[in-house]
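Novice: Supplied in structure tokens, the structure appears directly below.
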Amino acid sequence: MKPFESQIRLHKWTVDEAQRQLGELMRLADRLRQDVADLEAEVVRERQAAAQSFEASLTFAGYLHQVIERREKLHRSIAEVEGQIEQAREALKDAFAELKKFELAAEAAEERAKRKRDAQEQTALDEVALGIFRRRSK
């Protein structure tokens, strides 16, 4: 097993989880924004219906009051989700930094091991060459 392999796997999983959570929060914010847009379109339709019917115009004020409350609630939800998105981005950034730290440490360890192997191989080749030189010198 290579050094740092399990830590790298763990941190890759952490990064993937953070990305998944960020994606879910962003989709939720998009759905909430779409709900606001749908609500605005509904108000336009209801206003047109109220203009055409006396009975509908009587209940339009109550409907509009409910729409205003719903819109405010949606905007509060959007603000809350945007705060969570910012926290999720920070968590993703931190997780990625941790992953990078272990990947760089693994690369450095691999490079040290390669240099050590190369030095041992060169030492062995030098000994062979020295032995050949000694035999020829005699």
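Novice: Can you name the number of the only condition in (1) among the small types (Gly, Ala, Ser); (2) farther than 27 Å from residue 104 by Cβ; (3) within 17 Å of the chain's Cα centre (by Cα) that residue 88 fails?
Specialist: (2)
For (1) assigned to a helix (DSSP H, G or I); (2) within 24 Å of the chain's Cα centre (by Cα), each residue gets a yes or a no:
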| position | (1), (2) |
| --- | --- |
| 2 | no, no |
| 7 | yes, yes |
| 15 | yes, yes |
| 20 | yes, yes |
| 40 | yes, no |
| 44 | yes, no |
| 55 | yes, no |
| 72 | yes, no |
| 80 | yes, yes |
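Novice: I'm trying to understand the selection: among the residues of the range 6-61, which are in contact with a helix residue (DSSP H, G or I) (Cβ under 8 Å, 6 or more places away or on another chain), closer than 30 Å to residue 102 by Cα and of a type in the set (Gly, Ala, Ser)?
Specialist: 18
Since every read-out is calculated from the coordinates, none of them should be taken as a lab result. Fair warning: this is a prediction, and the values are worked out from it, not measured in the lab. Note that each Cβ is placed from the backbone with ideal geometry, even for glycine, and that neighbours are counted across all protein chains shown.
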